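**Student:** Dumping the structure here so I can ask a few things about it.
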Amino acid sequence: MNGMSIGELAAATGTKVVTIRYYEKVGLLAAPPRSAGNYRLYEEVHRERLGFIRRCRALGFTLDEVRELLAIAADTERDCSAVDRVASGHLADVERKIADLERLAAELRRITESCRGGTIGECRIIEALSG
């Protein structure tokens, strides 16, 4: 039986072995067949699926969103509006996080600009953080 070891799959995809095992455990990646010596033998389908998962994760999709996208992708005749719904929902989450980070940056900018030097007892940043 041909196939690659988990180490080879990890190297081919830039994924840690522990992550591959985790994806198997949570059902994102199917367990591969085993060799006569009881070693896992991963096939091209595993590499492709893991690549898809990694690209989704790099874009910040949650594991549940990845699971949903994998299920949608498996039905090649399905209307793609379900993918758009998942991606649009994720984009809205990302945009909310960006807005939160922009507010956080503005507040940090405000308190750091109030620094006039001196001692901790006179520190405007400590004062602002203390409420």
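**Student:** Length gain on complete extension for the stretch Ala87 to Lys25, per 0.36 nm per residue less the alpha carbon to alpha carbon distance?
**Tutor:** 19.8 nm
**Student:** Go ahead and set up a Gaussian network model of the chain, Cα springs under 10 Å, then flag whichever of Leu50, Leu70, Leu104 fluctuates most.
**Tutor:** Comparing Leu50, Leu70, Leu104 in the GNM, the peak value goes to Leu104.
**Student:** Okay, next question. Taking θ = phi - 60°, what integer Hz values does the Karplus form 6.51 cos²θ - 1.76 cosθ + 1.60 yield along the stretch 21-27, in sequence order, with x for Gly and Pro?
**Tutor:** Each residue's phi maps through the Karplus curve to give 5, 5, 4, 5, 4, 8, x Hz.
**Student:** Please give me the summed charge of the neighbours of Arg78: other residues whose Cβ is under 15 Å from its Cβ, Lys and Arg +1, Asp and Glu -1.
**Tutor:** Every neighbour counted, the sum reads -4.
**Student:** If you take the beta carbon distance between Lys97 and Thr119 as r and set R0 to 35 Å, what does 1/(1 + (r/R0)^6) give as a FRET efficiency, to the nearest 0.05?
**Tutor:** Plugging the Cβ-Cβ distance into 1/(1 + (r/R0)^6) gives 0.45.
**Student:** Under a 10 Å cutoff between Cα atoms, tell me which one of Thr119, Thr13, Thr76 has the largest fluctuation in the Gaussian network model of the chain.
**Tutor:** Thr119
**Student:** Which net charge results for the neighbourhood of Glu48, defined as the other residues with beta-carbon distances under 14 angstrom from its beta-carbon, given Lys and Arg at +1 and Asp and Glu at -1?
**Tutor:** +2
**Student:** Exposure proxy check: Cys115, Cys56, Cys123, Cys80 ranked by fewest other beta carbons within 10 Å?
**Tutor:** Fewest to most other Cβ atoms nearby, the residues stand as Cys80, Cys115, Cys123, Cys56.
**Student:** Pick from Gly60, Gly37, Gly27: which residue has the top mean-square fluctuation in a GNM of the chain where Cα pairs under 10 Å get a spring?
**Tutor:** Gly37
**Student:** Now a separate question. Run the helix sum for the chain: -39,500 (n - 2.57) per DSSP H stretch of 4+ residues, divided by residue count, reported at 222 nm to the nearest 500 deg cm²/dmol.
**Tutor:** Calculated from helices alone, the mean residue ellipticity at 222 nm is -20500 deg cm²/dmol.
**Student:** If each of Leu70 and Glu43 carries a label point 7 Å out from its Cα toward its Cβ, how far apart are those two points in nm?
**Tutor:** 1.6
**Student:** Could you go through the stretch 99-115 in sequence order and give the Karplus-derived ³J(HN,Hα) for each residue, using 6.51 cos²θ - 1.76 cosθ + 1.60 with θ = phi - 60°, rounded to whole Hz, and x for Gly and Pro?
**Tutor:** 4, 4, 5, 5, 5, 4, 4, 4, 5, 5, 4, 4, 6, 6, 6, 7, 5
**Student:** Follow-up question, since we're still on this one. Just to confirm the filter: which trypsin sites (Lys or Arg not before Pro) across the stretch 23-131 are DSSP coil and have at most 14 other Cβ within 10 angstrom of their Cβ?
**Tutor:** Those that pass, being in a loop and sparsely packed, are Arg78, Arg116.
**Student:** Given the Cα-Cα distance of Ala105 and Cys80 and 0.36 nm per residue of separation, how much length would full extension add, in nm?
**Tutor:** 5.3 nm
**Student:** Another question about this same structure. Contact order normalised by length for the chain, with contacts defined as Cα pairs under 8 Å and 6 or more residues apart; what percent is it?
**Tutor:** 15
**Student:** Right, here's the next one. Between Phe52 and Glu127, 0.36 nm times their residue separation minus their Cα-Cα distance comes to what?
**Tutor:** Extra length from Phe52 to Glu127 when fully extended: 22.2 nm.
Bear in mind these aren't lab numbers, they're just calculated from the coordinates by the rules spelled out. Just so you know, these numbers come straight off a predicted model, no measurement behind them. Note that each Cβ is placed from the backbone with ideal geometry, even for glycine, and that neighbours are counted across all protein chains shown.
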